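Read the structure below first, then the notes.
The values are calculated or read from the model by the stated rules, or taken from the named source; none is laboratory data. Quick caveat, the model's predicted, so the values are computed rather than measured. A quick note on method: Cβ atoms are made from the backbone with ideal geometry, for glycine too, and the neighbour counts reach across all protein chains shown.
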Amino acid sequence: MKCPFCSHLEDKVVDSREGKDGLVIRRRRECLRCGRRFTSYERIDAIPFMVIKKDGTRVPFDRDKVLQGLRKACEKRPVSPAALEAVADEVEQMLQEAPEREIPTQTIGEKVIERLRTLDKVAYVRFASVYREFGDLDQFMKELKDLLEQRK
């Protein structure tokens, strides 16, 4: 580690502590030349998950896009932001547990749809209508009928 004061490359670690979230290690260091102290932070540089879109292109996974879609589907619905965060957490957990680093959008979308179905039926239908690209009213009505039959 290069000293920020004198640029010397040798130092000693005086103290190490885990960050609040457990994802960072904070280290207090002392330069062996000038004796001044400074702080460094270590974190794991994770390999990003890639999402394979319908057209075959690959983009990095973006949790905010998942949350944005959830918020849109749940607009004016009695669904708490914490519940939406929990769904996004589940999607991320699914990605982390998957052996592949590339996941098709269909897999992510189906996970979101599955969770919305139990969370809020109206939000589920909203999300499904956009995600599954209902081409006409018949497809929309079929989905509604399926929901109604499950309630019985």
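Given the residues Met94, Met1, which is the only one that is over 18 Å from the mean Cα position of the chain (by Cα) and modelled with pLDDT under 90?
Working: Met94 fails: over 18 Å from the mean Cα position of the chain (by Cα).
Among Met94, Met1, only Met1 is over 18 Å from the mean Cα position of the chain (by Cα) and modelled with pLDDT under 90.
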Flag if Thr105 is in the same structural domain as Ala128 (by TED's automatic domain parsing) and of a type in the set (Ser, Thr, Tyr):
yes
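For residues that are of a type in the set (D, E, K, R) and free of Cβ contacts under 8 Å to residues at least 24 places away in the same chain, scanning just region 44-74, find the one that is nearest to Glu102 (Cα to Cα).
Quick first cut of region 44-74, residues of a type in the set (D, E, K, R) only: 45, 53-55, 58, 62-65, 71-72.
Within this subset, residues satisfying the condition of being free of Cβ contacts under 8 Å to residues at least 24 places away in the same chain are 45, 55, 62, 64-65, 71.
Numbers: Asp45: 17, Asp55: 14, Asp62: 13, Asp64: 18, Lys65: 17, Arg71: 25 Å.
The selected residue is Asp62.
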Across region 65-91, what is the total count of residues that are out of contact with any helix residue (DSSP H, G or I) (no Cβ under 9 Å at 6 or more places or on another chain) and of a type in the set (A, V, I, L, M)?
1
For a quick check of your reading: which strands (runs of 3 or more DSSP E) sit entirely within region 1-80 and have at least 1 residues that are among the polar types (S, T, N, Q) and loosely packed, with under 14 Cβ neighbours inside 10 Å?
11-18, 37-43
